[in-house]
Amino acid sequence: MAVALARKTLLHEWRRFLPAVMSVGFSGVLIIVQGALLLGIVGTNALPVTRSRADLWVGFPGTQSADLGRSIDAGAAAELLVDPRVLRIEPLLMGSGDWRGLRGGGVSVTLIGVDARPDGLGLAEAMPRAVRVLLEEPATVLVDDGDLGKLATAIGGTAEINGQRVRVVGTTRGMRAMGGVNIVASLATVRALDRSLASAGAVTYYLAALRSPDTARAVKTRFSRPDARQRFEVWTAAELAGRSVRYWLLESGAGVGFIFATIVALLVGTLITSQTLMAAVAASIPQYATLRAIGVPFPALRRIVVEQAGWVGAVGLAFGLAGSLLAALLAHLNGIPFALGPGIMALSGGLVLAVALLAGVLALRRLRHADPAALLR
Amino acid sequence: MTAPTSLSASGLAKSYLVQSIRTQALADVSLTLRPGELSLISGPSGCGKSTLLSLMSGLSRPDSGEVHALGTDLGRLDDAGRDAFRLAHCGFVFQGFNLFPALDALEQVQLVLDYRGVPQDEARRGAASALEMVGLGHRSHLRPAELSGGEKQRVAIARAIVKRPRLLFADEPTSALDSVNGAIVTDLLREIAHRSGAIVVCVSHDPRLIARADRVIEMEDGRLRRDSHGAPAPSATEIHP
């Protein structure tokens, strides 16, 4: 192999390149952590969807986000059940309440009513069956284990919701939300607590399980005809979850904040990295000029600098990903919503590598000083 | 067909604009250098000797006049053409060594052959034998920080000669060295000229070098003053412009 000048210089003078590597790494961490937190927090609005096991969701036409559901006509269930591909249908209620516990003062809570049967679809991922069946007892609720402190309660504790006494019989996992608190109860309990849902005909969503989940699109299409669309709308679970996340990303301003902070991170990263690379080029000007003297063409020197930039980017990115995984671990241990997916990692990786290469291109300007004739003055 | 080893300049002139004052660095310099000789261009600072080296090696272009090297008119080549010419035929040794801190001696030398597209094994062998030639075969694994000034300049010479250039240019190669190392480097340059038949031209005001050069060309105020053979040369010819 030919002499790896770029890489050997990088290793030999690692102290010189360290600021660039760190700035690339921190830019990466900043973008990933921000993005994952944002997606995690915004994703909490889709928790009723993502923590349930339904293939299809049926709700009010034009619903923008899962947490903004409005009551639909109970007749929708009968219509869907006509389709032989639909295995079963189950209602899910979303209401609101005012929690008053030991601490005094009220806390706004979101009431989620699910079918309490052991194999119920609603929030099936958020609690074990043994806990779910406890809800069959009237006036019992589940609180997320991340919210116990916020509500100053514990399993076995009692409180009032909308003036009615409830008992906490267990906890859910991963239902901690951005705004209010998610309280899970049986359908009957939620109807009793939230008067607006009192009538048996009022249902926020119907959850459908299909015989074969592969048919979800086809079934959805069947019930998306204009006459049906006036009364209810059908989404696959992924659609409704995605719609909820997009709505909050775009409508809440949080997305704009993320974009702005990302631009700042990229700018700072580019600035520090290009300054570091420029200093490295400046320190090697006599050597580069000597190579020019013996006839090494300019593009070959440019390649050295860009290769160094590439290595700085790659090593910085590795640090950034490691830092992000650490952040994900800390978030997980503390029950903080943190959606570290491949999408945000790829986005950040691409941006960070682009930063390093852009910095390398900026540093190329310094190479112009590598004039061999200048060595002779 | 290989052109004979030759390097000549005729009517060279070059001026620089420094802070809006034009300085005439060279005026009407004509010179023919002979192969197999260590030629020394000497003179006080600012006499134009480095400018002459720069023009004759194709590093820069004259305002007027011509440089013919190995049968090529350097003035007719564009930048890329002069790069290619230097890559093929020219070696350089500078006052400041200019070695890469990260590379060991062997790699410094091998790098030149890499850029010439020489295969890896051959490049390593060539680099090793160039280092042997300058007496550093046993030090080839060391980086510049681990070498003395004299050893660094010998690595730089090995780097300059590894591609067996027919034109070797050296700018003040001994001025940063003590007397022993200065003598070693001077003898090396002369030996290279004698053994390889290359044109070796050296710019220096180091009297130790003047004593060992085959030919001494003295400059003053951008013109040639004296051209003498052997040292100290009884056959000196005064040049009257």
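The values are calculated or read from the model by the stated rules, or taken from the named source; none is laboratory data. Remember, predicted model here, so these are calculated numbers, not experimental data. Reconstructed Cβ throughout: ideal geometry from the backbone, glycine too, with neighbour counts over all protein chains shown.
Structure data summary
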| read-out | value |
| --- | --- |
| Filter pass, B:Val112 being within 11 Å of chain A (Cβ to nearest Cβ), of a type in the set (A, V, I, L, M), surrounded by 23 or more Cβ atoms within 10 Å (Cβ to Cβ) and within 30 Å of A:Lys8 (Cβ to Cβ) | yes |
| A:Ala192, sole failed condition from (1) without any contact (Cβ under 8 Å) to a residue 60 or more places away in the chain; (2) under 17 Å from A:Leu93 (Cα atoms); (3) part of a strand (DSSP E or B) | (3) |
| Unmet requirement for B:Leu40, which otherwise passes all of (1) more than 19 Å from the chain's Cα centre (by Cα); (2) surrounded by 22 or more Cβ atoms within 10 Å (Cβ to Cβ); (3) assigned to a strand (DSSP E or B) | (1) |
| For B:Gly71: the one exception among (1) more than 12 Å from the chain's Cα centre (by Cα); (2) away from chain A (no Cβ under 12 Å); (3) closer than 23 Å to B:Asp221 by Cα; (4) small (Gly, Ala, Ser) | (3) |
| Per-region count, the range B:43-66, residues β-branched (Val, Ile, Thr) and either within 10 Å of the chain's Cα centre (by Cα) or closer than 18 Å to B:Thr5 by Cα (or both) | 0 |
| A:Leu56, sole failed condition from (1) closer than 23 Å to A:Arg195 by Cα; (2) buried (at least 21 other Cβ atoms within 10 Å of the Cβ); (3) under 30 Å from the mean Cα position of the chain (by Cα); (4) among the hydrophobic types (A, V, I, L, M, F, W, C) | (1) |
| Segments classed as helices (runs of 4 or more DSSP H), wholly inside the range A:1-97, with at least 3 members that are under 30 Å from A:Arg165 (Cα atoms) | A:47-50 |
| In the range A:83-106, the residues that are at pLDDT 90 or above and more than 26 Å from A:Ala46 (Cβ to Cβ) | A:Pro84, A:Arg100 |
| Criterion violated by B:Leu52 - all others in (1) at the interface with another protein chain (Cβ under 7 Å from one of its Cβ atoms); (2) touching a strand residue (DSSP E or B) at 6+ places or on another chain (Cβ under 7 Å); (3) part of a helix (DSSP H, G or I) satisfied | (1) |
| A:Thr9 vs. criteria of a type in the set (Ser, Thr, Tyr) and within 14 Å of chain B (Cβ to nearest Cβ) | yes |
| Any chance A:Asp144 is surrounded by 16 or more Cβ atoms within 10 Å (Cβ to Cβ) and out of contact with any helix residue (DSSP H, G or I) (no Cβ under 8 Å at 6 or more places or on another chain) | yes |
| Test result for A:Thr63, surrounded by fewer than 23 Cβ atoms within 10 Å (Cβ to Cβ) and either within 14 Å of chain B (Cβ to nearest Cβ) or at negative phi (or both) | yes |
| The listed residue being under 19 Å from A:Lys8 (Cα atoms) and of a type in the set (A, V, I, L, M, F, W, C), out of A:Ile285, A:Ile344, A:Ile263 | A:Ile285 |
| Some residue of the range A:250-265 being in a helix (DSSP H, G or I) and touching a Pro at 6+ places or on another chain (Cβ under 6 Å) | no |
| Hits in the range B:74-94 (condition: more than 9 Å from every other protein chain (Cβ to nearest Cβ) and either touching a residue at least 12 places away in the same chain (Cβ under 8 Å) or small (Gly, Ala, Ser) (or both)) | B:Leu74, B:Gly75, B:Leu77, B:Gly81, B:Val93 |
| Checking A:Leu329 against (1) in contact with a helix residue (DSSP H, G or I) (Cβ under 9 Å, 6 or more places away or on another chain); (2) more than 13 Å from chain B (Cβ to nearest Cβ); (3) within 20 Å of A:Ser27 (Cα to Cα); (4) in a helix (DSSP H, G or I), the condition it does not meet | (1) |
| Evaluation of A:Val296 against (1) of a type in the set (Val, Ile, Thr); (2) within 14 Å of chain B (Cβ to nearest Cβ); (3) assigned to a helix (DSSP H, G or I) (one fails), failing number | (3) |
| Given (1) of a type in the set (Ser, Thr, Tyr); (2) assigned to a loop (DSSP other than H, G, I, E, B); (3) closer than 16 Å to A:Gly122 by Cα, number of the condition A:Thr171 does not satisfy | (2) |
| All positions within the range A:279-290 that are touching a residue at least 12 places away in the same chain (Cβ under 8 Å), within 10 Å of chain B (Cβ to nearest Cβ) and assigned to a helix (DSSP H, G or I) | A:Ala283, A:Ile285, A:Pro286, A:Tyr288, A:Ala289, A:Thr290 |
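One line per residue, one yes/no per condition, for (1) at pLDDT below 90; (2) under 20 Å from A:Ala216 (Cα atoms):
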| position | (1), (2) |
| --- | --- |
| A:Gly25 | no, no |
| A:Ser52 | no, yes |
| A:Leu56 | no, yes |
| A:Gly59 | no, yes |
| A:Leu80 | yes, yes |
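Matching residues to (1) within 30 Å of A:Ala216 (Cα to Cα); (2) at pLDDT 95 or above; (3) among the hydroxyl-bearing types (Ser, Thr, Tyr); (4) surrounded by 15 or more Cβ atoms within 10 Å (Cβ to Cβ):
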| site | (1), (2), (3), (4) |
| --- | --- |
| A:Thr236 | yes, no, yes, yes |
| A:Ala241 | yes, no, no, yes |
| A:Trp248 | yes, no, no, yes |
| A:Glu251 | yes, no, no, no |
| A:Phe260 | no, no, no, no |
| A:Gly269 | no, no, no, yes |
| A:Asn334 | no, no, no, no |
| A:Phe338 | yes, no, no, yes |
